[in-house]
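Please read the structure below before turning to the comments.
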Amino acid sequence: MLRLWYDKPAGEWVQALRSEIDQAKRSSMNMEEFSRQLNERGISLPRNTEKTISFIYPGQRQTIRGQRLGDEYTKEALVDFFAVKQAGIAVNKYGIESYADLDRATQRLQDEQALLNKEYALLMDQNDQVREILAIMQKGQHSELRGLGIDSSAVSEEQLRGVIKDREGKMALISEKVKNIESERQALKEVGDGLDLSQEIRMEGETKELLL
């Protein structure tokens, strides 16, 4: 008699469920995508809480908890798996494989931001000086301008306003660069969290192996 794909003994469908879960994990980036992948395979999650998860395989009435399938199928293990997977993408993006790489990348961004902040402060001081000269010129205090070494006949108010506007544009670009650097520094922090988590999971695995 021909047996349908879902008409399997308990041992077979449980192994098939593990295989489907493994495939869903490989093609997902987070728990939401993972749940959607399983639903598309006909596998339902009757219980999916912060700490526990259970599955129902197609054609079966029995609910089976992740813990019964194995340590890598518990809710905690699944959450850790996707956290490490996401951190891995960030690691690849920045070419970071160790804490030393992370420290160098972080220091580079800090140095770059410090230079930009210094440049921004210099432009701000220069603009303040130009505004003071513009204010003096508007008051017609030509003797004070000559005292500053400025020939009022060679410089117009319009030119000074142009200088101010140009520097303000440069300051806006610097602000945008600083904002991007701050975003990158936050991303690096998340990479660090991923390295911490990867190391913690690896140590837990090694501990389990020693206890077996």
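Taken together, the values in this text are just the output of simple stated rules run on the coordinates, not laboratory data. As the structure is a prediction and not an experimental result, all values here were calculated from the model. Note: ideal-geometry Cβ built from the backbone for every residue, glycine included; neighbour counts use all protein chains shown.
What pairs in K118/K170; K118/K179; K25/K75; K25/K189; K85/K189; K75/K189 have C-alpha atoms more than 20 Å from each other?
K25/K189; K75/K189
Taking H placed 1.01 Å from N in the peptide plane, check which residues at least 5 places from S44 or on another chain put their amide H under 5 Å from its amide H.
Counting only residues 5 or more places away or on other chains, the set is I56.
Loop-only trypsin sites (Lys or Arg not before Pro) in the stretch 116-192, please: DSSP not H, G, I, E or B, and at most 13 other Cβ atoms within 10 Å.
K139
List the GluC sites (Glu not before Pro) within the stretch 16-91 that DSSP assigns to loop and that have no more than 11 neighbouring Cβ atoms inside 10 Å.
Sites meeting the loop and neighbour criteria: E50.
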